[in-house]
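Quick notes on the structure that follows.
The values are calculated or read from the model by the stated rules, or taken from the named source; none is laboratory data. All figures in this text were calculated on a predicted structure; none of them were measured in a lab. Using ideal geometry, Cβ is built from the backbone for each residue, glycine included, and neighbour counts are taken over all protein chains shown. Only protein heavy atoms, including side chains, enter the accessible area calculation; ligands, DNA and RNA are left aside. Shrake-Rupley method; radii C 1.70, N 1.55, O 1.52, S 1.80 Å.
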Amino acid sequence: MLVTLFGLHLIRGCTFSPTARRCAYIVIATILLNMMQIVARVYFDYHELNIVYLIGGLTCNFAMVASVSIYPVREFKNYIKQKRATE
């Protein structure tokens, strides 16, 4: 997802919005969490951090959904504010 997001912004030549930046940071956090999990399970054969991976993954997914869900509300709010300023 991060490569697609970066590629589309590169093709269009536009900057990242705060929501896109936030999503990129969350994806990086998810990647790091998964890398930590694979190192612990495969290389060290340590399986005691299941709850950390579960809660971390759920938190990252919830943050991503919240970030993307709030975007249209924020844009509509800005639209209304601009509409009132021009009247």
_On a full-extension model of 0.36 nm per residue, what is the gain between HIS47 and TYR79, subtracting their alpha-carbon distance, rounded to one decimal in nm?_
6.6 nm
*Can you pull the percent of the chain's accessible area that's carbon plus sulfur, 1.4 Å probe, other chains left in place?*
69 percent
_Label-to-label distance, nm, for residues given as THR59 and LEU8 (7 Å Cα→Cβ offset)_ = 2.7 nm
*Considering only protein heavy atoms, what per residue accessible area in square angstrom results for the stretch 1-74 with a 1.4 angstrom probe?*
76 Å²
_Using protein chains only and a probe of 1.4 angstrom, how many square angstrom of THR86 are accessible, to the nearest 10?_
120 Å²
_With 5 Å bins from 0: P(r) over the stretch 18-67, alpha-carbon pairs, percent_ = 4, 22, 27, 20, 13, 8, 5, 1
_Per-residue SASA entry for PHE6, accessible area with 1.4 Å probe, Å² rounded to 10_ = 120 Å²
